[in-house]
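One structure is given below, encoded as structure tokens.
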Ligand code: FES
Ligand code: FES
């Protein structure tokens with residue numbers, strides 16, 4: 001084994017690797033950065049393209065040991081890059097992908113083209129992209145997408161407010177809690193009813209530790225101070241377990257019984273990161289009950305990013321919301337909240353079961 005030390009996506013990494021380990025295998029299997037795809041594994045298809053010291057390179061034929069001291073950037077590093085955002089939008093607009101297998105490599109090469117050759121004509125774009133093979137699209141859309149970004153300054157990244165809670169909340173106690181949500185962050189909404197008056201429910205929402213105690217999988221590592229929270233969120237989805245350690249800022253608007261929680265965390269085990277904003281409103285409902293509306297915007301990257309798809313997340317969110325509502329109700333009734341973990345075990349098996357049913361052709 002040989003020691004290596006390099007920078008990957010802005011983070012210093014040291015490891016011991018076998019001399020013949022490719023950079024692609026090191027990135028995918030050791031760092032769990034699976035954005036660089038493997039196709040031919042012999043330097044032909046370009047699916048594994050990453051940036052090494054600012055230039056596109058095939059990670060399947062670069063040995064990890066030769067990358068000591070290098071600055072490596074995989075497609076995961078470009079989530080918030082305005083130029084890459086512009087290219088992603090162009091690829092979508094011009095139908096420049098179908099199965100998407102070649103797309104991470106195509107985007108890295110395209111990023112290099114638009115930055116290095118702003119005056120390239122179609123022939124030059126095709127020549128520059130000739131090291132990236134696509135088995136689906138026929139290249140017309142890809143070339144059109146790249147050309148549409150040539151010569152244009154990258155846009156300033158628009159960070160849309162994730163939801164309609166005004167940020168003029170009374171006396172915010174710390175710097176604005178924006179965590180730089182990307183404009184394409186996933187969003188979902190949940191609502192639930194609690195059989196207690198809104199004032200009593202809002203009193204619980206004002207107590208950060210009480211709210212954390214009602215949230216499945218959440219534990220605080222430091223007592224909250226001025227709305228600043230540090231803690232951990234443990235998630236278990238079938239065989240996958242993750243623990244996101246991070247920080248959040250809670251801003252409350254007592255007059256309107258609204259709040260915003262903005263936070264970010266990272267799971268060291270999987271190398272996954274999450275950023276999210278949660279907005280909630282507590283309002284009088286029918287029959288003396290209280291309606292709580294929650295809007296969540298989140299961006300999950302890294303190995304667990306595959307679980308950020310709508311169906312899975314919506315199902316999990318419904319379960320979490322139901323657990324939170326039950327715990328809140330228990331607290332209001334003076335009962336002990338049942339502290340559960342964020343566990344998608346049954347969800348995992350129900351997904352597996354639906355997959356098997358689809359496989360054998362049952363409804
Ligand atoms: S997998 Fe590296 S070039 Fe094909
Ligand atoms: S979109 Fe399928 S290989 Fe390019």
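Where residues in segment 199-211 are crowded, with 18+ Cβ neighbours inside 10 Å and touching a strand residue (DSSP E or B) at 6+ places or on another chain (Cβ under 8 Å), which of them is farthest from residue 292 (Cα to Cα)? Out of the qualifying residues, it is 208. Residues in segment 1-40 that are closer than 19 Å to residue 76 by Cβ, touching a residue at least 12 places away in the same chain (Cβ under 8 Å) and not in a strand (DSSP E or B): 17 in all. Among residues of segment 136-153 being more than 11 Å from residue 126 (Cβ to Cβ) and within 13 Å of ligand 2 (Cβ to nearest atom), the one that is surrounded by the most Cβ atoms within 10 Å (Cβ to Cβ) is 145. Are any residues in segment 235-268 out of contact with any helix residue (DSSP H, G or I) (no Cβ under 9 Å at 6 or more places or on another chain) and part of a loop (DSSP other than H, G, I, E, B), and if so, which ones? Within segment 235-268, 255, 256, 268 qualify. Residue selection: residue 105 satisfies the criterion of being outside the structural domain of residue 17 (by TED's automatic domain parsing) and within 11 Å of ligand 1 (Cβ to nearest atom). Taking segment 41-65 as the range and being in contact (Cβ under 8 Å) with a residue 40 or more places away in the chain, part of a loop (DSSP other than H, G, I, E, B) and within 24 Å of the chain's Cα centre (by Cα) as the test, the residues that pass are 47, 48. Tally up the residues in segment 228-260 that are touching a residue at least 40 places away in the same chain (Cβ under 8 Å), under 24 Å from residue 202 (Cβ atoms) and buried (at least 20 other Cβ atoms within 10 Å of the Cβ), please. Final tally of qualifying residues: 10.
Would you confirm, using the coordinates I've provided, whether residue 24 is under 20 Å from residue 2 (Cβ atoms) and either under 24 Å from the mean Cα position of the chain (by Cα) or crowded, with 23+ Cβ neighbours inside 10 Å (or both)? Yes, satisfied. If you scan segment 66-110, which residues turn out to be within 14 Å of ligand 2 (Cβ to nearest atom) and assigned to a loop (DSSP other than H, G, I, E, B)? Listed by number, the residues that qualify are 94, 95, 96, 97, 98, 99, 100, 101, 102.
The values are calculated or read from the model by the stated rules, or taken from the named source; none is laboratory data. Just so you know, these numbers come straight off a predicted model, no measurement behind them. Positions of Cβ are backbone-derived with ideal geometry, glycine not excepted, and every protein chain shown enters the neighbour counts.
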